[in-house]
Amino acid sequence: MRYLGRDREGALALNGPVVVVVTVLPSDTFVADGTEYRVYDGMQGTLEAKVRSATLLETLVPALQHL
């Protein structure tokens, strides 16, 4: 909640894990399902991401992933 600031406290219900993403967008618009939308400050959304898992040993010795 510290990223939102005190003036927005309680404006967003957080359930489960939260990840803060910071990026530079190539445009101030995006297209979803054939409709163009404008990006604005404070916009909320949902992100789907593929993640992988590896043991600590596989992370330290990447060649082990191919065995």
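Observations, loosely collected:
- Region 9-33, residues that are within 19 Å of residue 48 (Cα to Cα) and among the small types (Gly, Ala, Ser): 13, 16, 32
- Every pair of residues 6+ apart whose Cβ atoms lie under 9 Å, when the first sits in region 25-47 and is closer than 23 Å to residue 12 by Cβ and touching a residue at least 60 places away in the same chain (Cβ under 8 Å) while the second is surrounded by 10 or more Cβ atoms within 10 Å (Cβ to Cβ) and of a type outside the set (Ser, Thr, Tyr): none
- On inspection, residue 51 fails the criterion of being exposed (fewer than 10 other Cβ atoms within 10 Å of the Cβ), assigned to a loop (DSSP other than H, G, I, E, B) and touching a residue at least 24 places away in the same chain (Cβ under 8 Å).
- The numbered conditions (1) under 18 Å from the mean Cα position of the chain (by Cα); (2) surrounded by fewer than 10 Cβ atoms within 10 Å (Cβ to Cβ) are all true for residue 56 except (1).
- Output for region 14-41, where each listed residue is more than 16 Å from the chain's Cα centre (by Cα), part of a loop (DSSP other than H, G, I, E, B) and surrounded by 10 or more Cβ atoms within 10 Å (Cβ to Cβ): none
- Listed conditions (1) out of contact with any helix residue (DSSP H, G or I) (no Cβ under 8 Å at 6 or more places or on another chain); (2) at pLDDT 75 or above are all met by residue 11, apart from (2).
The values are calculated or read from the model by the stated rules, or taken from the named source; none is laboratory data. All of these numbers come straight from a predicted model, not from anything done at the bench. Note that each Cβ is placed from the backbone with ideal geometry, even for glycine, and that neighbours are counted across all protein chains shown.
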